[in-house]
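Just so you know, all these numbers are worked out from the coordinates, no wet-lab data involved. Not measured: the values here are computed from a predicted model. Methodologically, a virtual Cβ is constructed for each residue, glycine included, from the backbone with ideal geometry; neighbour enumeration extends over all protein chains shown.
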Amino acid sequence: MNASLVVNFKKLKHYPVTIIVLFIFFILNNSVQAENFLSTNIQADYMLLEKSSKRLTLFSDEKVLKSYRVALGRNPEGPKLVKGDKRTPEGRYIIDSRNPDSKYHLSLHISYPNEIDREIAGIAGVSSGGNIMIHGIGDEYAWMGKFHAVLNWTDGCIAVTNEEIEEIWRLVPDGTAIEIRP
């Protein structure tokens with residue numbers, strides 16, 4: 001059977017159009033399969049934000065559902081230390097509420113500050129801040145589309161496109177764990 005596959009593949013190399021059509025079919029078929037989870041009841045049970053690569057990944061049962069390019073706080077390096085520092089926090093949190101009337105289209109609230117963040121701020125005698133969200137880009141930045149992630153422009157939140165936050169809104173229930181890594 002392997003010999004027949006080799007022979008068939010050798011025949012295909014003489015037909016570049018056939019190879020291109022098969023390649024396009026393969027890509028489209030995989031794209032459709034990647035999006036099929038949206039029409040099911042699958043939901044994320046874990047989210048991972050890697051600040052260094054500006055990537056938010058949703059997982060279900062340890063399998064990747066989808067990844068998104070994000071914009072972060074204007075001062076992205078290091079953990080959030082104090083209110084107003086324009087940093088995106090680092091640590092383990094949960095999605096604890098959502099705002100359908102957000103200025104930035106839709107938003108999911110992250111449970112920052114956690115106990116560790118409050119303890120650090122208390123020792124330093126400062127406010128840790130709060131109101132950290134995963135949100136869309138709203139009307140103000142909608143013209144940028146996916147290019148919004150080229151710059152870090154938020155006050156410490158995590159921004160995706162409006163279409164992406166709609167998808168995340170459906171896939172991520174309240175109580176979902178989110179880990180934010182440097």
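Taking every DSSP beta bridge with both residues inside region 41-181, roughly what % is antiparallel (nearest 5)? Show your work: numbers first, answer last.
Working: 23 of 31 bridges.
For region 41-181, the DSSP antiparallel bridge percentage is about 75.
Pairs of alpha-carbon atoms within less than 8 angstrom and 6+ residues apart define the contacts here; what relative contact order does region 41-181 have, in percent? Walk me through the numbers on the way to the answer.
Working: 335 pairs, mean separation 47.5, N = 141.
RCO, region 41-181: 34 percent.
Which GluC sites (Glu not before Pro) in region 50-82 sit in a loop by DSSP (not H, G, I, E or B) and have at most 12 other Cβ atoms within 10 Å of their own Cβ? Walk me through the numbers on the way to the answer.
Values: sites: GLU50, GLU62, GLU77; in loops: GLU62, GLU77.
Answer by residue number: GLU62, GLU77.
Please give, to one decimal in nm, the separation of the simple spin-label points placed at ARG181 and ARG98, each 7 Å out from Cα toward the Cβ.
The answer from the label model is 2.7 nm.
Using r as the Cβ-Cβ distance of ILE116 and TRP143, and R0 as 35 Å, what FRET efficiency do you calculate, to the nearest 0.05? Display every interim value, and only then the final one.
Details: r = 39 Å, r/R0 = 1.10.
Computed FRET efficiency for ILE116 and TRP143 comes out at 0.35.
Report the gain in length on full extension from GLU62 to ILE123: 0.36 nm times residue separation, minus Cα-Cα distance, nm rounded to one decimal. Mind showing how you got there, number by number?
Numbers: separation 61, 0.36 × 61 = 21.96 nm, distance 3.63 nm.
My answer for the length gained is 18.3 nm.
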